[in-house]
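This report refers to the structure that appears directly beneath it.
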Amino acid sequence: MTHDPRTETVHAQTARARKAGFAAFVGTTIEWYDFYVYATAASLVFGTVFFPESTDRLTGIAAAFATYAVGFFARPIGGIIFGHIGDRIGRKTALVVTLTMMGAATFLVGCLPGYASIGAWAPVLLVVLRFVQGLAVGGEWGGAVLMAVEHAPADKKTFYGGFAQAGNPAGALLATGLFSLISLQGNQFMLEWGWRIPFFASALLIIVGLIVRMKVEESPVFTESVKTVSAADQPVPILYAIRTNWASILLGICVLPVAIGGYYLVTTFATAYATDPSVGLSESVVLNALSVAAFIELIVTLGAAWLGDRFGRKRVVGIGLVGVAILAAPQFLLLSSGSIPLIFLIFILMRLAMTATYGPIATVLSQMFRPQARYTSISLAYQLSGAIFGGLSPLVSTLMFQATGSIVPVILLLVGMCALSLVCLIVAPQYVDEADDASTPVSLPLDGGRRS
C-alpha cells in the first residue's frame, strides 16, 4: 500500500497546528488569569488595602483603577520590546520570556504588604509590578496569536487563532471563580489575606505553561523568513512597522475598542458598579454571574472562530459589534432590577455578543499585516488600543458615574466604541500568506479573507 506524501504533509501540518493552538490556549489562559486576578482585586479590595485614605469608596476604586491602567500603558512598550525579539530571534523565545515575567510579577503582588504596614511604598510597589505585568502581556498576545495562526492551514486560520482567544475567558473564569470561592469566607477574610491566594496560585500555573510552551516548534512563517532574508538585511522591526504598516496599525487600534475596552466595561467596571451601594448587589452574586458568563464564552469562542472561517471573520465580528450596542443599556440597567436570573441572563447574552467580536479578531488583526515585522505591528495595534480603550475605560467610566450619579454616560460610551469599531472593521485589509501570495490583499468587504 502506497502513501500519498501530500496527505502525510497535510496530517503533519494539522498536528503542528493543533499543538501550537493548544500551547497558545494554555499560555494565554495563564497570562490572562494573572491579568484578571489583578483586575478583580482592583475592583474589590485594592481600594481598601492600598488606598485607605481616600474619602469615599468610588475614589478608592478610581485610585485602584489608575494603577490598573498603568499595566495597559506599559503594554505598547512590551509590544515593541518583544515584537523585536519575536521578529528577529523567534516567536517562541519571546513567549517563554513573557510568561516567566508575568508569573513572577503576579506572585510578588500577592506578597506585597498593604498601606497599613509600609505606607506609601505599598501603592508604589504595586504600580511597579503592574508595569511589569503590562510589559509581559504586551509581548504575549501578539506572539501567541501568530504561533497559532501561522501554523494553521489557510482555510482554518480563524479557528486556530481562536485558541489564543479562548485563553481570555479561561483565564477570566479561573480568576473570578477563585475569587468567588474566597468571597464565600466573608469580606473580612477577603481583605485580610484571602485576596492573596489567587496571586500565589499563579506560580503553579506558570510551571505548567512553560512546559507546554517549550515543546512547540517555531512558527513556519518566521522560519521561512529567516531562510530568505539574512539577519544583516532584516530591517529594525519597529522602524519597518511604522514606515510600512502605519495605516493598518491605526486601523487596528480603532477596530479593537469593543474587543478590548468594551470587555473591561462589562466585566471590571460592571463589578464595581454592581457592588456600589446605589445598586446594592453582593460581591458573590456578581462574581458568580461573571464566572458563568466566562464559562459560556469559553465554550463558544472556538465556535465563533469556526464561523469566521465558514462565513467570513469580519462578518462575524460585525454582527457581534451590533449585538453589543443593542445590549449596552440592558447590561447596566438590569443590574439594579434585583432579579438574579435576569442579571445572570444579561451577563451571558453580553458575553456571547462579546465573543463574536473577540473570537475571530485575532486572525482579523494578524492578517492586516504582511509577515515582515508582523509581530511588532500586531502587538503595537493591539496594545496601543489596550492602553487607550482598555486602560482608561474603567477609570473614565468610574469618574463619569461618580460625577453624574448616572450610568447613562457609560452606556453611551460603549455604544460609541461599537460604532468606531464597526466602521474601521469594514475598511480593514486582509492579506494571505506564503503560497497564497502574501503580497496580494484579499477583497475588503465583510468576507473575512476570501481571495479577490
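The values are calculated or read from the model by the stated rules, or taken from the named source; none is laboratory data. Keep in mind that what you see is a predicted model, and the values were worked out from it rather than measured. Cβ atoms come from the backbone with ideal geometry, glycine included; neighbour counts cover every protein chain shown. Heavy atoms of the whole protein, side chains included, go into the accessibility calculation; ligands, DNA and RNA do not. Shrake-Rupley method; radii C 1.70, N 1.55, O 1.52, S 1.80 Å.
Picking from ILE197, VAL132, HIS151, whose Cα lies most toward the positive end of the charge dipole for the stretch 126-240 (charges on Cβ: Lys, Arg +1; Asp, Glu -1)? Of the options given, the answer is ILE197. So, R0 is 22 Å and r is the distance between the beta-carbons of ALA12 and LYS215; what FRET efficiency does that work out to, to 0.05? Taking R0 as 22 Å, the efficiency between ALA12 and LYS215 is 0.90.
Dipole size of the stretch 298-379 about its Cα centre, with +1 on Lys/Arg Cβ and -1 on Asp/Glu Cβ: approximately 320 debye, rounded to the nearest 20. Dimensions of the chain along the principal axes, based on C-alpha atoms and rounded to the nearest Å, stand at 70, 49, 43, largest first.
Each Lys and Arg contributes +1 and each Asp and Glu -1, all at the Cβ; summed about the Cα centre of the chain, the dipole is approximately 460 debye.
Rounded to the nearest 20 debye, the dipole magnitude of the stretch 56-210 is 180 debye, with +1 charges on Lys and Arg beta carbons, -1 on Asp and Glu beta carbons, and the Cα centre as origin.
Name the residue from ILE238, ILE207, PRO330 whose Cα lies farthest towards the positive end of the charge dipole of the chain, charges +1 on Cβ of Lys and Arg and -1 on Cβ of Asp and Glu. The residue sitting farthest along the positive end of the dipole is ILE238.
Each peptide in 327-334, 352-359, 141-148, 38-45 gets a packing score, the mean of other Cβ atoms within 10 Å over its residues, and the list from highest to lowest is 141-148, 352-359, 38-45, 327-334.
Apolar share of the accessible surface for the chain: 71 percent from carbon plus sulfur atoms, 1.4 Å probe. The 1.4 Å probe gives accessible areas that order LYS157, LYS19, largest first, as LYS19, LYS157. Taking the simple approach of a point 7 Å from Cα along Cα-to-Cβ for both PHE22 and THR93, what is their distance in nm? Here the modelled spin labels are 2.7 nm apart.
Take the stretch 330-402 with all the other protein chains still there, run a 1.4 Å probe, and you get 26 Å² of accessible area per residue. Dividing the summed helix terms, -39500 (n - 2.57) for each DSSP H run of n ≥ 4, by the number of residues in the chain produces a 222 nm estimate of -25000 deg cm²/dmol to the nearest 500.
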